[in-house]
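Chemist: The following block contains the structure, expressed as structure tokens.
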2 protein chains.
Amino acid sequence: MAEGPSLVLQPPSPELARKIANTLRFLSADQVQKANSGHPGLPMGSAEIVTALMTRHLRIDPKDDKWINRDRFVLSAGHASALLYSMLHLQGFLTIDDLKGFRQIGSRTPGHPEVGETPGVEASTGPLGAGFSMAVGMATSERMMAELFNTPKFDVIDHCTYVLTGDGCQMEGTVYEAASLAGHLGLGKMIVIYDSNSITIEGGTSLAFTENVAERYHAMEWHVQQIDGHDLDAIDRAIENAKAEKARPSIIIAKTTIGKGAPNKAGKNVAHGEPLGKDELAAAKAAMGCPAEDFYVPKDVADYFDVRRGEWMAMRQEWNEMFSAFDKKHHATARELLRVASGELPKQWKNAVEEFPAGKAVATRAAGGIVMNQLGAVIPELVGGAADLAPSTKTDIKTGANPEFIARGAFLGRNIHFGVREHAMGWFTNGMALHGGFIPYSSTFMVFHDFMRPAVRLSSMMKLRNIFVYTHDSIMVGEDGPTHEPIEQLASLRAVPGLQTWRPADANETIFAWQAMIERKNGSSAICLSRQNLPVLDRTRYAPARETLKGMYIVDSAVDAEKAAEILIIASGSDLHLGLAVAAKLREQGRSVRVVSAPCLEAFRAQAEGYRKKVLPKRLKKRLVIESGVIQGWEGILGDSGVFIGLEDFGLSGPADAVAEKLGMTLPAAMEKIGQAGW
Amino acid sequence: MAEGPSLVLQPPSPELARKIANTLRFLSADQVQKANSGHPGLPMGSAEIVTALMTRHLRIDPKDDKWINRDRFVLSAGHASALLYSMLHLQGFLTIDDLKGFRQIGSRTPGHPEVGETPGVEASTGPLGAGFSMAVGMATSERMMAELFNTPKFDVIDHCTYVLTGDGCQMEGTVYEAASLAGHLGLGKMIVIYDSNSITIEGGTSLAFTENVAERYHAMEWHVQQIDGHDLDAIDRAIENAKAEKARPSIIIAKTTIGKGAPNKAGKNVAHGEPLGKDELAAAKAAMGCPAEDFYVPKDVADYFDVRRGEWMAMRQEWNEMFSAFDKKHHATARELLRVASGELPKQWKNAVEEFPAGKAVATRAAGGIVMNQLGAVIPELVGGAADLAPSTKTDIKTGANPEFIARGAFLGRNIHFGVREHAMGWFTNGMALHGGFIPYSSTFMVFHDFMRPAVRLSSMMKLRNIFVYTHDSIMVGEDGPTHEPIEQLASLRAVPGLQTWRPADANETIFAWQAMIERKNGSSAICLSRQNLPVLDRTRYAPARETLKGMYIVDSAVDAEKAAEILIIASGSDLHLGLAVAAKLREQGRSVRVVSAPCLEAFRAQAEGYRKKVLPKRLKKRLVIESGVIQGWEGILGDSGVFIGLEDFGLSGPADAVAEKLGMTLPAAMEKIGQAGW
């Protein structure tokens, strides 16, 4: 073990610390008051917690919020954004004018914390439980990077992940899932401070939440402390204890008073989510011995943080020097660390993938597993796992330097057993992408996308490179029946703004879908893969698989000249093969047909208009779309005269082919529909 | 307290009990083997649990699986469906031929249990955690009905809710949420048996799930026991203890061996989800001393259950006699019980609702609250609550006989504090609808629909009368910003097969949407309501609000004759008001416009073709659709020449009107788009 950093933070005097807490308290309340919108309660109640954390523990670079070894601080109670912005002001990231722009369009201080909008914000939070759950992914990333890169003399990756959470988060199922996993993994450097003010929107927590949280966390293998959340020394000691506990994550249950300081509203749910009102705010300032002035930062507080920023920068400097020495001694390792932290891909990573030979039948989930393993061999930062379905989703990476599963105390590896925790898995991978150093993926059956949808939404909103692998992507699941058969999931995935949803039609389309997902540095992707075997198309007969990248392409251009086509068949994924069969049948009947493969509607929409018109010419009105799902999302392509072969209701339990037949996803059923259309 | 039922079940001899267990074990394994698909592991491991439960505790009517006072048995580990079907065979609900049809199309024995497909199946399960979470709603319903209807002499509602759950369920966040709520409510008659076989699909639970489950449940205010799950007497005693514990729900952690009896696969994850194989199955039967014959039921087992069914019917008869006496003494109450249990609505319930006067501005969430309260006064079975957002969603019912919130030991009430547990809330209300006696609703912000989507999906699949209230239904949420602003949620709700999604445009449309949801006995509904105030349309100028029921209707027929219209404007919810403003502006310019209100696309699709063509005549190609959401779902109505005014990306944080302006949801922006279209 290398020696830790030598510099320590100089804590403020008790009196100054109280002043800092009140500065945070009222900077926050002032923001809410000026915006006439927001949540003053938790900021006022957590001011001492944040003071102790920020003045005595948090290690950051006030000039560089992207420093890979900074402590992470995640505000899981995202509605307390005003408090985070007050912190970031004292840290030097935000100006008082920024605070005055709280919750206004174009400001750096939106209603809830948003990554990318505000320097120093580690995660977009607001949906309760999100931040806590993402922090588990961050803390795991820290351990995994440390194992990969640290040497006996150089702890280049060595930081804590702090979380501020409230009662609301603690009731969320995803927090339970994430906490159970964090305890299982023994994430000793994850330190959660739980602002337990016992107040929720509907009233006291006694109305709905009476479990023994401390005992529950103990059961989940956490180190648990209970303190007075307004006692600065108690908070400090608890954080010290938490840092000293290496084997388990820590939760500090800090009893606080919501809206602390507000003479009439403190301790009540009315303090939670609306401005205090001018009079109450003034009275609160008076009661706490603070000046009435708005957005007031006492000079000694400002001076203290001037010094503080210097100390923080010295810490960063110390790390920089260590990193230089590390670079000198372990140059390749240091360069590799910088590469993965930057998100740059290794050179010539695409060469690792071999195309599949035509003719063989391969399920795209199996192809996906092979592709991932080829990519994984050359992209060591590609890491992830499944929600207890890896044998089915085929997502274990068995190639490359560290093909192990990570486990408590053994973080050199790239596979993660998430357990049956889809929701936390989604957040976890968001946290990994936010932390940096990894390209995460997660996998489950496609129908269980529903369980992790909030995480997918925020992944896309945060523009994270995060890959969601969904297998068993249609009614061809068969015997497991309607609860396991996705029907509306393609539509609901495509509805998420910014998300790219891939559904490759064969093994070779799978290759290019994976390439696109890996290359998409500023956006999230989902890939939907078949349970059943699918023929690998003969690319000497059909268009090159590389065309996949365009989202939609004419697949059988070699068979039928573009110009002559009369009927346009468009299909995604496994349904392309039915489309090709329909085309063959129609051609037997002397009809002229073009078949378009549609692996990714979003990628297609991003193509130039000329290309889009070539693939979907306006004049071609006889359009047959085939997809094993609801029509939603296809009407625009179908147009006024199109025919859709898909599903309107939930699936059925039976052997897959029998289900397809019963539900009309067969050649005869398709031909009948075409006949009915009078084409 | 009335005396309990006098009849008790005669347990089988120890030897016969073992035979019954093996009968269940191998009937299950035979089903999986014959189907060549399914899960033998848990059925074989839980055979003793089910034997003890079924022979000594479960109170049902083998001739009437709808008996309101039957014990509920929910197989939360739905993949063990073969075991449930074996049980139902011995109970008399299924034939051996049914078991032989396991996982085949058209059989009564689908891959996972499906309500409505199989007599005696209480809930569709398979997605892990679902059954457990629904059972909490069932157990609460039992207590609420008991409080409403029982008298000191007559416990007409008095049953247990049993759950069989596995390791997978226990990792799911929704189970935590539901268990925390069950502990909080002190559901003493909920008895969970946890088949703890320590095996998951990826391997041992040690890979991902090492928490102390017993301690966690104790922390959540449960009565906890740990037993050997193959010891029939231990199981029996534990269930007795659980029944004796009145104040807390019970969990019995039963250590079992997955695939018990299979000589090579028992205790391993290979036993979980695939047929044992002929040889292994034969060896298992031999090892357990059972004949090799497939689908074998020993004569003494069959004879025992013949007697058993008689005992069960005698129990039902005893209840019937009690109910007759109850009916005689408390006729109105008895009739009311039968009414709510049947799902019939009270007479003239619609008269309770008063139309809102035109002119005033009312948020539809506020209107919704008023309507619910008017309905609630005459429909006492309308019960529900919010995920800690009732002050915002306006869903407390303060009218009628019992306007209280339920709480531990105080179940006379109709409002439920769900806590910040959206997912469990959704399942809970499914459980209430499955139990019978109530019309449940739940509410949260619309964007948090994502958190409860699996429950909504299954609600619709099970065709439950369950009402999902989603307020803050657009970017007009404003300051809370993109994490709180629904964009794709309307599309994703409409994508769910069978679900009806309502988005009323004003207070009076809200009335009829609520009527439609209440009347929809065999289907689920969602209602999306505005945060912001909306004008109440003057129905002397506009079409009657009752037209809402048709899903889409010409709202300004009085202003513009149908025949003359040149431009068709279609809008839902709050966006209708922008549509009307656009129409007014276009008319100023001398254009002929028709405006269609679109509160429910699904209800519209159910109308006769003639009506649909009248509202959306083919000749009217200049169609402007306005909705604060993604285009998905509207392209079919827009057609090839339509213009959509909506959103493509996530929202923004700022005052609502400023957000709308920035994102182009305003009159000038709409007029500009119409100009660009060259109309």
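Chemist: Could you pull out every one of the lysines with an alpha carbon less than 19 Å from that of B:Lys278, ignoring same-chain neighbours closer than 8 positions?
Modeler: Partners within reach: B:Lys34, B:Lys100, B:Lys260, B:Lys265, B:Lys268.
Chemist: Helix A:575-588: angle to the longest alpha-carbon principal axis of chain A, degrees 0 to 90, nearest 10?
Modeler: Long axis of A:575-588 versus the principal axis of chain A: about 20 degrees.
Chemist: Pull up all non-local amide H partners of A:Trp502: gap of 5 or more, or a different chain, and H-to-H distance under 5 Å with H placed in the peptide plane.
Modeler: A:Ala526, A:Ile527, A:Cys528
Chemist: What's the angle, to the nearest 10 degrees (0 to 90), between helix B:173-185's Cα axis and the longest principal axis of chain B?
Modeler: So the inclination is approximately 80 degrees.
Chemist: What is the pair-distance distribution P(r) of the range A:488-541, computed from all Cα-Cα distances in 5 Å bins starting at 0, with each bin given as a whole percent?
Modeler: 4, 18, 25, 22, 17, 10, 4, 0
Chemist: Can you give me the C-alpha center-to-center distance between the range B:12-33 and the range B:138-172, rounded to a whole angstrom?
Modeler: 28
Chemist: Same structure, new question: Ignore the peptide's own chain and count Cβ atoms of other chains within 10 Å of each Cβ in B:439-451; give me the average, rounded.
Modeler: If you average over the peptide's residues, the count of other-chain Cβ atoms is 2.
Chemist: Provide the per-residue ³J(HN,Hα) series for the range A:275-290, in order, calculated from phi with Karplus coefficients 6.51, -1.76, 1.60 and θ = phi - 60°, each as a whole number of Hz, with x at glycine and proline positions.
Modeler: My calculation for the range A:275-290 gives x, 5, x, 4, 5, 5, 5, 4, 5, 5, 4, 4, 4, 8, x, 10 Hz in order.
Chemist: Can I ask one more? Quick one: A:Asp306, A:Asp71, fewest Cβ neighbours within 10 Å first, how do they rank?
Modeler: The fewest-first ordering by Cβ neighbours comes to A:Asp306, A:Asp71.
Chemist: Okay, moving on. Report D for the range A:127-185 in µm² per second (integer): Stokes-Einstein, Kirkwood Rh on Cα pairs, 37 °C, 0.692 mPa s.
Modeler: 264
Chemist: Oh, and also: Roughly how large, in nm² to one decimal, is the mean projection of the convex hull of the alpha-carbon atoms in the range A:116-236?
Modeler: 9.5
Chemist: Given H placed on each backbone N at 1.01 Å, which residues far from B:Phe418 in sequence or on other chains put an amide H within less than 5 Å of it?
Modeler: When sequence neighbours closer than 5 places are left aside, the close amide H contacts are B:Ala386, B:Asp388.
Chemist: How large are Rg and Dmax for the range A:432-475 when only the alpha carbon atoms are used, in Å?
Modeler: Expressed in Å, the Cα Rg and Dmax of the range A:432-475 come to 11.3, 37.
Chemist: Picking from A:His484, B:Gly610, A:Leu58, whose Cα lies most toward the positive end of the charge dipole for the protein assembly as shown (charges on Cβ: Lys, Arg +1; Asp, Glu -1)?
Modeler: B:Gly610
Chemist: Let me know the mean shielding of A:628-636 by other chains, meaning the per-residue number of their Cβ atoms within 10 Å of its Cβ.
Modeler: Mean partner shielding for this stretch: 5.
Chemist: Calculate the tail of P(r) for the range A:567-679: the fraction of all Cα-Cα distances greater than 20 Å, expressed in %.
Modeler: Here the long-distance tail beyond 20 Å is 39 percent of all Cα pairs in the range A:567-679.
Chemist: Right, here's the next one. Modelling each spin label as a point 7 Å along the Cα-to-Cβ direction, I'd like the A:Phe295/A:Asp649 distance in nm, to one decimal.
Modeler: According to this spin-label approximation, the distance is 6.1 nm.
Chemist: Ordered by residue, what ³J(HN,Hα) values in Hz, to whole numbers, does the range A:594-600 give under the Karplus form 6.51 cos²θ - 1.76 cosθ + 1.60, where θ = phi - 60° and Gly and Pro are x?
Modeler: Along the range A:594-600, the couplings run 10, 10, 10, 8, 10, x, 7 Hz.
Chemist: If you don't mind, another one. For the residues A:Glu336, B:Glu609, A:Glu485, A:Glu354, what sequence is obtained by ranking on other C-beta atoms within 10 Å, fewest first?
Modeler: If I rank by nearby Cβ atoms, fewest first, I get B:Glu609, A:Glu354, A:Glu336, A:Glu485.
Chemist: Then there's this: So what's the convex hull volume per residue for the Cα atoms of the protein assembly as shown, in Å³?
Modeler: So the per-residue Cα hull volume is 167 Å³.
Chemist: With everything on Cα atoms, drop me the angle between helix A:232-244 and the longest principal axis of chain A, reported from 0 to 90° to the nearest 10.
Modeler: It is inclined by approximately 50 degrees.
Chemist: Thinking of the range A:1-106 as a set of Cα atoms, what percent of all their pairs are more than 17 Å apart?
Modeler: Here the long-distance tail beyond 17 Å is 56 percent of all Cα pairs in the range A:1-106.
Chemist: Need the list of aspartates and glutamates near B:Lys153 for cross-linking: C-alpha distance under 15 angstrom, and skip anything on the same chain fewer than eight residues off.
Modeler: Qualifying aspartates and glutamates at Cα under 15 Å: B:Glu3, B:Glu318, B:Glu321, B:Asp327.
Chemist: Round to a whole angstrom and tell me the spacing of the C-alpha centers of the range A:375-414 and the range A:227-298.
Modeler: Taking the Cα centre of each part, the range A:375-414 and the range A:227-298 sit 42 Å apart.
Chemist: May I ask you to compute the full-extension gain from B:Lys255 to B:Arg546, defined as 0.36 nm times their residue separation minus their alpha-carbon distance, rounded to one decimal in nm?
Modeler: 98.9 nm
Chemist: Could you state the number of Å between the C-alpha centres of the range A:511-534 and the range B:566-583?
Modeler: 39
Chemist: Also, I was wondering about something else. Select from A:Thr200, B:Val659, A:Val447 the residue farthest towards the positive end of the dipole of the protein assembly as shown; place +1 on Cβ of Lys and Arg, -1 on Cβ of Asp and Glu, and compute about the Cα centre.
Modeler: It is B:Val659.
Chemist: Any idea what diffusion coefficient the range A:369-409 gets from Stokes-Einstein, in µm²/s, Kirkwood Rh on alpha carbon pairs, 37 °C, 0.692 mPa s?
Modeler: Approximately 310 µm²/s, per Stokes-Einstein.
Chemist: A further question on this structure: Would you mind checking B:Lys328/B:Lys398; B:Lys66/B:Lys328; A:Lys63/A:Lys189; B:Lys521/B:Lys550 for any pair whose Cα atoms are more than 27 angstrom apart?
Modeler: Correct reply: B:Lys328/B:Lys398.
Chemist: If you average 1/r over every pair of different alpha-carbon atoms in the range B:291-330 and take one over that average, what Kirkwood value in Å do you get?
Modeler: For the range B:291-330, the Kirkwood estimate is 12.5 Å.
Chemist: Tell me, what does the Kirkwood hydrodynamic radius of chain A come to in angstroms if you use every pair of distinct C-alpha atoms?
Modeler: Mean inverse Cα-Cα distance, inverted, gives 26.8 Å.
Chemist: Based on other C-beta atoms within 10 Å, arrange B:Asp640, A:Asp450 from fewest to most.
Modeler: Least crowded to most crowded, the residues run B:Asp640, A:Asp450.
Chemist: Next up: Provide Rg over Rh for the range B:326-460; use the alpha carbon set for both Rg and the Kirkwood Rh (inverse mean inverse pair distance).
Modeler: When Rh is taken as the Kirkwood radius, the ratio is 0.99.
Chemist: Another question, if that's okay. Please report, to two decimal places, log10 I(q)/I(0) for the range B:458-592 at q = 0.16, 0.19, 0.20 Å⁻¹ as given by the Debye formula with identical point scatterers on the Cα atoms and no solvent.
Modeler: Listed by q, the Debye log ratios stand at -0.90, -1.14, -1.21.
Chemist: Still on this structure, please answer the following. Taking 2.2 N^0.38 Å as the expected size of a compact globular protein, what ratio does the Cα radius of gyration of the range B:452-493 give against it, to two decimals?
Modeler: The range B:452-493 yields a ratio of 1.37.
Chemist: For B:Lys622, list long-range residues whose amide hydrogen, built 1.01 Å from N in the peptide plane, is under 5 Å from its own amide hydrogen.
Modeler: B:Leu568
Chemist: Using a Cα-Cα cut-off of under 14 Å, which aspartates and glutamates could be cross-linked to A:Lys622, ignoring same-chain neighbours fewer than 8 residues away?
Modeler: A:Glu566, A:Glu635, A:Asp640, B:Asp640
Chemist: Still on this structure, I have one more. Tabulate in residue order the Karplus-calculated ³J(HN,Hα) for the range B:206-218, using 6.51 cos²θ - 1.76 cosθ + 1.60 with θ = phi - 60°, rounded to whole Hz; enter x for Gly and Pro.
Modeler: Those phi angles translate into 4, 5, 8, 9, 10, 4, 8, 5, 4, 5, 4, 5, 4 Hz.
Chemist: What is the distance, in nm, between label points placed 7 Å from the Cα along the Cα-to-Cβ direction at B:Glu274 and at B:Lys63?
Modeler: Roughly 4.7 nm, to one decimal.
Chemist: What is the Cα coordinate range of the range B:176-270 on the first, second and third principal axes, sorted by size from largest, in whole angstrom?
Modeler: Computed over the Cα atoms, the extents are 43, 30, 16 Å.
Chemist: So how strong a dipole does the range A:558-663 carry about its Cα centre when Lys and Arg Cβ are +1 and Asp and Glu Cβ are -1, to the nearest 20 debye?
Modeler: In debye, rounded to 20, the range A:558-663 gives about 660.
Chemist: Please work out the Cα convex hull volume for the range A:59-183 and give it in Å³ per residue.
Modeler: 100
Values quoted throughout were computed directly from the atomic coordinates according to the rules given, and no laboratory measurement underlies them. Predicted model, so just to flag it, every value in this text is computed and none were measured. Don't worry about glycine lacking a Cβ; one is built from the backbone with ideal geometry, like all the others, and counts go over all protein chains shown.
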